[in-house]
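The values are calculated or read from the model by the stated rules, or taken from the named source; none is laboratory data. Not measured: the values here are computed from a predicted model. For neighbour counting, all protein chains shown are included, and Cβ atoms are generated from backbone atoms with ideal geometry for every residue, glycine included. Heavy atoms of the whole protein, side chains included, go into the accessibility calculation; ligands, DNA and RNA do not. Shrake-Rupley method; radii C 1.70, N 1.55, O 1.52, S 1.80 Å.
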Amino acid sequence: MGGCRKYCGLTLGTFAASILLAPGAADADSLIDNVNGITLDSEGKVIRFGAMLVDDDGRVKQLLGRRDKRPHDVDFQFDGKGRTLIPGFFDAHGHVMGMGFGALTLDLSETKTLAEALTRIAQYAADNPSRQWIIGNGWNQETWGLGRFPTAAELDTAVSDRPVFLSRVDGHAVWVNSAAMKAAGVSPSSKSPSGGTIVKIGGKPSGIFVDAAAGLFDDVLPAPKPVERDLALGKAQEILLANGVTSIADMGTTMQDWQSFRRAGDKGQLKIRIISYADGIDNMIAISGPAPSPWLYDDHLKLAGVKLYIDGALGSWGALLKQPYADKPGDSGLAMLTSAQLKNKMSRAAMDGFQTAVHGIGDKANDEILSAIEELQVTYKGDRRWRVEHAQIIDPADISRFAASGAIASIQPVHQTSDRLMAEARLGPDRLEGAYAWKSLLDSGAVLAFGTDVPVESSNPFPGLATAMTREDAAGQPFGGWMPEERLSREQAWQAYTNGAAYAAFAEDRLGSLEPGKRADFLIIDQDILLATPAQIRKLQVLQTWIAGKPVFVSN
């Protein structure tokens, strides 16, 4: 990354200390001056400014134009040297602890072939002889061009002396070796649990366990220690801040995750802002009891709602479709909940004021979620902001139902480039209308909230912004964009990554933009985001990240 390590001769650490220790710092303002400031308002309109006054509580006090008189009675003044300043990104859908653990364990996301993956697995096992289990993530049979799932027998060729447990890139399937199946007591007579599938070949478990079937290993997998969880959270924060993400909706927070967040908050080490959606009803109740939590640690943490699943993912043929898969006739996906179960869980959350965020990939899944919302909103009135996570494959006839029911489409644009060829194979050319239909949703009046689904994809928001504008991948393919009618304008895409994401989390009163009264969470970047081409946006560098008017990341 570009940029400098110093602020007028001070390192990041001493600069931050100077703010905290300077006389009068507790009740004085800071001036961020000489910047090319850009933000969007709640309507998506561009606001430009040359300076920003931040109060002692870390909130924006005033935006100043280039010719506006600057206040002189400030405690601290920062010279932006004319560089571009924008709001920090709000990732509407990520997995904070999964990201941290993924960065600290075996990562297969960059492997291009099965052979390369097996080599890396074997090397990792050799480098870590004391680990009782080899745990990793990120594999993708589609990227490998395999045309099928890998097997335990293939994994045994890399590691056979101890259990191996590897999560697929989307978290909806695991690949294990024979030692892991033996440890979990899995045998040819083992039956698939509700909401999951034990993939078998010739009547024997193949080594692939889809969705709920991965739970067969819960009792034998070594549980991370609190200190390991805290290390994972620290690593996740480090990566997020370097990528310009200042707030994130954590989808699937467990009680153990929440305890890690609280430990960091208690120690003053929770830098990013986390809006949690509990992993199911039991975790929701255990974490927050009878109602969503208040904002904690100066707006750094809140339990807002619950994350539910009704289907799986396209990559593992688990997304619930209205018609069978084009490349797997007779199979229409995996229902993780019945219609009645979904409505019961959503009702249990809504009755106590918790927001619901339901995972919906396939068109049948999205139909089921929308039907549940339409039925429940008769009973649970008011501003509920029902969330549909992913909203990936939608029957064109159902698109208008989002706005009509007030459902928010929480989408991850980079999935479109990652999934394009797979989606074509899974659905066939005649069923692609309504797939990754961002512009259609927006034109229908739906609110879009953008994120990355980290660690499924990188938490870097800039490739997602470029993808939303072009429908092209990093190589510019396909030229002109895949289903280009679904492209968004620059401002529309940016709005979804900032104000839209904040709105989806009931946080638009304090986060999402740089306007008076909101938190001064911002980035210094190396290019003007409104002038850069999509290709330049992909490579855009975060030079500095500030939260509540204080620096938390400076690039080398």
Which of the peptides 335-341, 109-115 is most tightly packed, and how do the rest follow, judged by the mean count of other Cβ atoms within 10 Å per residue? 335-341, 109-115
Going through the cross-link list Lys271/Lys518; Lys267/Lys518; Lys45/Lys69; Lys235/Lys302; Lys267/Lys539, which pairs have a Cα-Cα distance over 28 Å in this structure? Lys267/Lys539
The chain, accessible surface, carbon-and-sulfur percent (1.4 angstrom probe): 52
In Å², what does the accessible area per residue of the range 110-240 work out to with a 1.4 Å probe? 47
Just to confirm a number: summing +1 for Lys and Arg and -1 for Asp and Glu over residues other than Val227 whose beta-carbon lies under 14 angstrom from that of Val227, what do you get? +3
Local electrostatic count at Ala468 - Lys and Arg +1, Asp and Glu -1, tallied over other residues with Cβ under 10 Å: +3
In square angstrom, rounded to the nearest 10, how much accessible surface does Ser347 have for a 1.4 Å probe? 30
Anchor Lys322: lysines whose Cα lies under 24 Å away (excluding residues fewer than 8 positions away in-chain): Lys307, Lys343, Lys345, Lys364, Lys439
Heavy-atom accessible area per residue - the range 442-556, 1.4 Å, Å²: 32
Give me a comma-separated list of calculated 3J(HN,Hα) values for the range 360-372, in order, Karplus coefficients 6.51, -1.76, 1.60 applied at θ = phi - 60°, integers in Hz, x for any Gly or Pro. x, 9, x, 5, 5, 4, 5, 4, 4, 5, 4, 5, 5
With each label point set 7 Å from Cα along the Cα-Cβ vector, what nm distance links Gln77 and Gln132? 6.1
What is the distance in Å between the Cα centres of the range 53-72 and the range 513-556? 18
Can you sort Met99, Met255 by 1.4 Å-probe accessible area, starting with the largest? Met255, Met99
Per-residue HN-Hα couplings for the range 219-224, Karplus 6.51 cos²θ - 1.76 cosθ + 1.60 at θ = phi - 60°, whole Hz, x for Gly and Pro? 6, 10, 5, x, 7, x
Using a Förster distance of 30 Å, the FRET efficiency for Asn344-Ala397 (Cβ separation, nearest 0.05): 0.70
Residues whose built amide H sits under 5 Å from the amide H of Ile201, excluding neighbours closer than 5 in sequence, are Ser206
Calculated from DSSP H runs of 4 or more alone, at -39500 (n - 2.57) each and per residue, what is the 222 nm mean residue ellipticity of the chain, nearest 500? -8500 deg cm²/dmol
When the solvent-accessible surface of protein heavy atoms is calculated with a 1.4 angstrom probe, in what order do Lys302, Lys381, Lys328 fall, highest first? Lys381, Lys328, Lys302
How much accessible area does Met351 have with a 1.4 Å probe, in Å² rounded to the nearest 10? 120
Going from most exposed to least, what order do Asp57, Asp395, Asp257 have by accessible area with a 1.4 Å probe? Asp57, Asp395, Asp257
Quick one, what does Rg over Rh come out to for the range 426-556 if you take C-alpha atoms and the Kirkwood Rh? 0.99
Multiply the residue gap between Ala535 and Asp107 by 0.36 nm, knock off their C-alpha separation, and tell me the result in nm, one decimal place. 151.4 nm
Could you tell me the distance between the Cα centroids of the range 281-313 and the range 80-150, to the nearest Å? 26
Rounded to the nearest 10 degrees, what's the angle between the helix 226-242 long axis and the longest principal axis of the chain, both from Cα atoms, 0 to 90? 60
Using only protein heavy atoms and a 1.4 Å probe, report how much of Phe101 is accessible, in Å² to the nearest 10. 50
Can you run phi through the Karplus equation (6.51, -1.76, 1.60; θ = phi - 60°) for the range 204-216 and list ³J(HN,Hα) in whole Hz, with x for Gly and Pro? 10, x, 7, x, 10, 10, 9, 6, 4, 5, 5, x, 5
What residues have an amide H closer than 5 Å to that of Arg83, excluding those fewer than 5 places away on the same chain, when H is modeled at 1.01 Å from N in the peptide plane? Asn36
Based on Cα positions only, what radius of gyration and what Dmax would you give for the chain, in angstroms? 23.6, 78
Can you check what the net charge comes to around Ala397, using other residues whose Cβ is under 11 Å from the Cβ of Ala397 (Lys, Arg +1; Asp, Glu -1)? -3
